[in-house]
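Report on the structure given below.
The values are calculated or read from the model by the stated rules, or taken from the named source; none is laboratory data. Nothing here was measured: the structure is a model prediction, and the numbers come from that model. We place every Cβ from the backbone using ideal geometry, glycine too, and count neighbours over all the protein chains shown. These accessible areas exclude ligands, DNA and RNA; they are computed on the full protein's heavy atoms, side chains included. Shrake-Rupley method; radii C 1.70, N 1.55, O 1.52, S 1.80 Å.
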2 protein chains.
Amino acid sequence: MYRTHTCGELRIEHVGQEVVLSGWIQGVRNLGGMTFLTLRDRYGLTQIVIDDNTPEELKKQVEELGREFVVKITGEVIERSSKNSKMPTGDIEIGAKELVVLNKSEIPPFTIEDETDGGDELRMKYRYMDLRRNPVRKNLELRHRMGQEIRKYLDGEMFMEIETPYLIKSTPEGARDFIVPSRMNQGEFYALPQSPQTFKQLLMVSGFDRYFQIVKCFRDEDLRADRQPEFTQIDCEMSFVDQDDVLNMFEGLANHLFKVIKGIEIKEKFPQMPYSEAMEKYGSDKPDIRFDMQFVNLTDIVKGNNFVVFDTAEYVGGICAQACGNYTRKQLDKLTDFVRKPQIGARGLVYVKCNEDGSFKSSADKFFSQEDLKVWAEKMNAKAGDLILVLAGEKAHTLNALSELRLEMGEQLGLKDKNKFAPLWVVDFPLLEWDEDNKRFHAMHHPFTSPKAEDIHLFETDPGKVRANAYDLVINGVEIGGGSIRIHDDKLQQDMFKHLGFSEEEAKEQFGFLMDAFKYGAPPHGGAAFGFDRWVSLFAGLDSIRDVIAFPKNNSGRDVMIDSPSAVDNKQLDELSLKLKK
Amino acid sequence: MYRTHTCGELRIEHVGQEVVLSGWIQGVRNLGGMTFLTLRDRYGLTQIVIDDNTPEELKKQVEELGREFVVKITGEVIERSSKNSKMPTGDIEIGAKELVVLNKSEIPPFTIEDETDGGDELRMKYRYMDLRRNPVRKNLELRHRMGQEIRKYLDGEMFMEIETPYLIKSTPEGARDFIVPSRMNQGEFYALPQSPQTFKQLLMVSGFDRYFQIVKCFRDEDLRADRQPEFTQIDCEMSFVDQDDVLNMFEGLANHLFKVIKGIEIKEKFPQMPYSEAMEKYGSDKPDIRFDMQFVNLTDIVKGNNFVVFDTAEYVGGICAQACGNYTRKQLDKLTDFVRKPQIGARGLVYVKCNEDGSFKSSADKFFSQEDLKVWAEKMNAKAGDLILVLAGEKAHTLNALSELRLEMGEQLGLKDKNKFAPLWVVDFPLLEWDEDNKRFHAMHHPFTSPKAEDIHLFETDPGKVRANAYDLVINGVEIGGGSIRIHDDKLQQDMFKHLGFSEEEAKEQFGFLMDAFKYGAPPHGGAAFGFDRWVSLFAGLDSIRDVIAFPKNNSGRDVMIDSPSAVDNKQLDELSLKLKK
């Protein structure tokens, strides 16, 4: 028997008991006549004391111990003379009687502490050691807890967890698939799912009514900071619902998690904001509404003052940073540098300081009078002591730059409190998005999203204006998930493929099974999918999803711990009738 | 709003309420002046009545309805004059006031009834229709319920659900991997996991203490009736445990499922049987112990009677089929044909009928006297009226043939009651298995299984005799799962690879990361994995796992519904630097 208790379990009421603990040596402190070991397991830390009462042999054993050795210790629970109130087991210690080294450890490549000395690469290579650290373990504990609570909620709402296949069919639409060569069907390939979208719709056709799955999805895209080639989705679908039914259901899920995981009760309904409003007011389809600082459109009132930057701009807009009127030259220059960064790409920044005496100081003083600036300030609700920041240029581009500037100011002003949560539904997304490269529309979400009935006539005249029954859940500026009411009519689905530039043959070859299914009594249905990694990461207060994933890949898609991907035997390729191109 | 209630919900207390239901038309019965519709959804059936009170327009609509149309019906709940006690909603019906056809249906390719007229292939092609049938839906409901209960039990036992990666590294050991070409790392491949074995062991090294996952696994093997290229495993691992701890834990899991899913309380501990005993008594490492009929070894007492079949046999063994002494010539011939089938491959069958008068009638009467046969009967505990069946030949082969014969007799005698469950731990498996083709040993389970300490000395003299700390859970002759206490010492793991014929380089290249991990304080650990598909299928009383999988593949690994695998664009292959061999 390796243990009677865990290292997080013993309390004052256990004093006098003989116990067995197993765990890792977190540290050894030698204080002259006494030695203290800290023993660690997943559940906590327990102090072991070696003193005059300890058998001589054991004392010698202790001298050989190093950090991260795995040991089994038998001893008596003793009340500590100096208690440690910061430790749940801080009232007691174990007087060691017997020690067995279960396994030795070489000196770890980095320290197993909350703050470690290991760099990113080293920690990834020895991920199994990194996972021993408290903060990383806590992230995975949170992930486990959230997974169980999500299931509990959805099961309670009659959702059935149904596994959909991982070996499916490749479709050229959307992101790039990972493909899997078939040995039994030579020259043919499976694809790993980017999402179970078509399968969950088929389950609705099957009458399952409410489906969910917490499921891995795969995208072979070039990786950015917050992307992984494999990621986890909370995938859901419901029948006989309209948009409000879906939003209510998943607002319920979010509220359940807020409550049981974060201890937060959100009483109000989540606000809903049309996509067009989100773009006008925040320049983003995932606005962070923890703070206000909405855009004000100044285009109409700034023209005609010989300031060519504004006069030639499609859009001029500003934000008001409260109480930043005292920003220094250096601070303002930094902001200008910020908006000029290539990934933001504004040409420059116009500022207006609202002085305490009611006067204004602007970088565009040459072109605008105090009266002019006063009109701006009034329009923007700027008060004495505030700072107005204005960008101008092509509209979509400028809205985006202003959004980045807004988020930066939010950061600088400490408005992005990680303990505050501001959920928001963004609704009424456009159905189609113009693809300038290929000179055609493609689906903003996916080709199964239904258009709003009242917009269908626009397909012929202004397809870009057709709105979809689509919605995203945004929390603190993070897109947690989204979904739509789907098309369930085979004719409409065929039309949709036509609008997306599919030939009839292409549509049939790729999605024929779904359109066939729609001919046999498909119910109205809709659903949503949420990024599980992102949601956990948001609740953990992290900026990246990597630390909520046990074994993540790096930005080249490599697992540096197991050294994968790797070359395979030619025999394996032969069996698949494949050859590497040189 | 599509519905106020589901089709399984309305009872006598709802009478008088106006309700809205949505669902599928299961059937239309026209009884002269009245028409009855049966409306179906996942939750049940509700009868809709169209009579003199029904608006004329609605009557016309009803004439257009066909099977599997999706409709929304508004109406009043009425008490039925002739109630149907077999239907949960059988006390009421809905007097229809308004009907909306939500979607039409073409005539389904087969009937959506418990017993359908559709053949296997047709049902697979239109799987989304097959899934509408009660028995198939019930299987997936059972699967959902079991999944939730497994999680509930393991979560309650402090197991953490941790997702391990799907894109891992190919290893030539074991079954064939599915491989996934990497675009970002040209010429290299990921592999899909056959199981998360090494990752769960790394999680133990990380100190997670108790891990589980319900996870898809992949094997590119030629498919048999009960195999799928992707299947689902309940994967578990624990630290600081010995074999009994693991068996107790998962006996607890099995008992939880027996209780909450099947309503069965198993009070006794599951029996444990060494592998060697299972082979001697049942000729199988997964004996069905719902019935007895153990083998009796007759080798010693049948030799020397000039019956060359027995005299030259390595093994002669028999079973006693109670009360089958009256089997006819025809029945006995059929049994002989059965054991002679190529997949069983016995050369013949010797029978002994124990007549009611105390005499014996045997197919080997020429060689054995009544006295001889009496000795057999006594040894086998055969009584008047019983039938003794004897096979002879090479031992392993004959044990296997006798096992098949035993199962066949169990079937014929109705001893395989699907409502009876007889769990069994088979323990003390051999560590190694001789591979005659490659003239080397390979691991019977996998190379991480620990040998029994007391057998380690046999590695040098008789490696085939080394027993492992390995165990299987068998229920009713189905191997539900198994596991082992793992090696956690890097030296022993290296030795093990040596015994398995790995060179040091091979071992390092394939499993270096694991042996590295063992150098940094790996705890003693062990675990198990259970076939989720099989377990559900056993509880559902099915012989195949296919009907507990929403979208299974056929025996050629094809999904005939979506027509996958399929050819991919050359562009896709180009991006991966791959070429098809002609």
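Okay, here's what the table says:
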| quantity | calculated |
| --- | --- |
| Rounded FRET efficiency, nearest 0.05, which uses the C-beta distance separating A:K341 from A:D495 and R0 of 45 Å | 0.55 |
| Values of log10 I(q)/I(0), in the order q = 0.15, 0.18, 0.19, 0.23 Å⁻¹, for region A:129-233 under a Debye, Cα-only, solvent-free model | -0.85, -1.05, -1.09, -1.20 |
| Signed unit charges on C-beta, dipole axis of region A:1-112, positive-most listed residue A:T35, A:T6, A:I48 | A:T6 |
| Cβ neighbours within 10 Å from other chains - mean over A:1-13 | 1 |
| A:H5 accessible area, assembled protein chains, probe 1.4 Å, Å² | 30 |
| Per-peptide average of other Cβ atoms within 10 Å, ordering B:6-12, A:23-29 highest first | A:23-29, B:6-12 |
| Cβ neighbours within 10 Å from other chains - mean over B:198-208 | 6 |
| Nearest-10 value in Å² for the accessible area of B:R219, using the 1.4 Å probe | 80 |
| R0 of 56 Å, Cβ-Cβ distance A:A384-A:D242: FRET efficiency to nearest 0.05 | 0.70 |
| Paramagnetic reach from B:A396 (point 7 Å along Cα→Cβ, amide N under 19 Å) across region B:412-438 | B:427-438 |
| Dipole magnitude of chain A about its Cα centre (Cβ charges: Lys, Arg +1; Asp, Glu -1), debye to nearest 20 | 1060 |
| Protection proxy ranking of A:302-311, A:177-186 - average other beta-carbon atoms within 10 Å, highest first | A:177-186, A:302-311 |
| Chain A - accessible surface per residue (Å², probe 1.4 Å) | 42 |
| Computed lengthening from B:E265 to B:S503, 0.36 nm per intervening residue step minus Cα-Cα distance | 80.7 nm |
| Orientation-averaged projected area, Cα convex hull of region A:291-412 (nm²) | 6.7 |
| Hits among lysines - C-alpha to C-alpha of A:K581 under 20 Å, sequence gap 8 or more where chains match | A:K571, B:K571, B:K579, B:K581, B:K582 |
| Greater than 22 Å apart at Cα, pairs in B:K152/B:K216; A:K138/A:K200; A:K200/B:K169; A:K452/A:K498; A:K125/A:K553 | A:K138/A:K200; A:K200/B:K169 |
| Spatially proximal lysines relative to B:K395 (Cα-Cα < 21 Å; intrachain offsets below 8 disregarded) | B:K281, B:K286, B:K303, B:K341, B:K379, B:K439, B:K465 |
| Within the protein assembly as shown: Cβ-based charge dipole about Cα centre, in debye rounded to nearest 20 (Lys, Arg +1; Asp, Glu -1) | 180 |
| Kirkwood Rh, Cα atoms: Rg over Rh of the protein assembly as shown | 1.02 |
| Cα gyration tensor category, rounded, prolate or oblate, for region A:536-582 with a/c compared to 1.5 | prolate |
| Order of exposure, largest accessible area first, which applies to A:L492, A:L247 with probe 1.4 Å | A:L492, A:L247 |
| 0 to 90° range, to nearest 10: angle between helix A:504-517 axis and chain A longest Cα axis | 60 |
| Test item: B:548-554 mean partner chain Cβ contacts at 10 Å | 4 |
| Equivalent ellipsoid semi-axes - Cα gyration tensor, region B:264-320, angstrom | 32, 11, 8 |
| Principal-axis tilt of helix B:243-262 within chain B, Cα atoms, nearest 10 degrees | 30 |
| Between helix A:329-340 and chain A: long-axis angle, C-alpha atoms, 0 to 90°, nearest 10 | 80 |
| Positive minus negative residues near A:S577 (Lys, Arg vs Asp, Glu; Cβ under 13 Å) | +3 |
| Convex hull volume per residue in cubic angstrom - Cα atoms of chain A | 241 |
| Cβ-placed point charges (K, R +1; D, E -1), dipole of region A:291-412 about Cα centre in debye, nearest 20 | 280 |
| Among B:I289, B:V390, B:S484 - extreme Cα towards positive end, dipole of chain B, charges at beta-carbon | B:V390 |
